[in-house]
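Okay, so here's the structure we're looking at.
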Amino acid sequence: MNQHKYIIREAEPQEFEKVGKLMVKAYSQLEGFPKQDEQPEYYKKLAAVGAWTEKPKVKLLVAVSSDGAIYGGVVYFGDMQFYGSGGTATQETNAAGFRLLAVDSSVRGKGIGKVLTLACIQMAKDEEQQQLILHSTEAMKVAWGMYEGLGFKRSEDLDFMQGELPVFGFRLPLN
């Protein structure tokens with residue numbers, strides 16, 4: 001699997017259901033992350049991830065292997081008013097964001113999350129945004145090191161509670 005090259009592209013509508021299933025599986029397997037019965041509405045959003053693309057400047061990106069298999073996905077928001085999180089992130093201006101980054105458990109640690117993140121950074125730069133915002137949880141702490149290595153900084157002003165789950169904000173200045 002290490003030899004595979006991954007193409008990052010927008011998901012096709014016929015792929016939305018598959019990407020949603022990948023996201024539900026990935027998030028439900030995270031140790032310390034709420035399970036489906038604890039946050040059913042959140043998992044419904046994951047399963048219906050393609051619906052986000054109905055909003056302006058929102059794209060569902062996928063990582064596709066050379067054999068056409070989808071191994072990861074992320075939702076990119078070119079307009080933060082559609083970001084849909086708790087807290088103050090939707091009020092940010094001159095900003096883009098991404099949410100719901102998920103990688104198939106069979107290929108974790110192969111750099112797919114990083115290439116999806118880099119694609120979001122490039123899209124935000126291409127749109128001449130001033131910053132890129134994301135949120136994460138303690139259950140996703142492994143990803144924090146990758147985000148920080150790419151220049152993201154913790155931004156407590158973006159933190160919020162999702163039910164009983166603390167959610168932590170990060171920003172990357174782009175100028």
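Here, each number is a calculation from the coordinates, and none is a lab measurement. Quick caveat, the model's predicted, so the values are computed rather than measured. Here Cβ is always computed from backbone atoms with ideal geometry, including for glycine, and neighbour counts include all displayed protein chains.
Residue farthest toward the positive end of the dipole of the stretch 90-175, with Cβ of Lys/Arg at +1 and Asp/Glu at -1: which of Asn94, Leu116, Leu172?
With unit charges placed on the Cβ atoms, the residue in question is Leu116.
Compute the distance in nm between two label points, each set 7 Å from the Cα along the Cα-to-Cβ direction, one at Ser106 and one at Leu118.
2.4 nm
Non-local amide H neighbours of Leu101 (under 5 Å, H modeled in plane, Pro and chain starts lacking H): which ones?
Close amide H contacts, sequence-distant or interchain: Val75.
Evaluate the charge dipole of the chain about its Cα centre and quote only its size in Debye, nearest 20, assuming +1 on the Cβ of each Lys and Arg and -1 on the Cβ of each Asp and Glu. Write out the running numbers ahead of the final one.
On the way: 20 positive and 22 negative charges, 92 e Å.
With Lys and Arg at +1 and Asp and Glu at -1, about 440 debye.
From Cα pairs below 8 angstrom and at least 6 apart in sequence, can you work out the relative contact order of the chain, rounded to a whole percent?
Averaging sequence separation for qualifying contacts and normalising by length gives 20 percent for the chain.
Any chance you could run the full-extension gain for Ala51 through Asp126? It's 0.36 nm times the residue separation minus the Cα-Cα distance, nm to one decimal.
Here the segment from Ala51 to Asp126 would lengthen by 24.6 nm.
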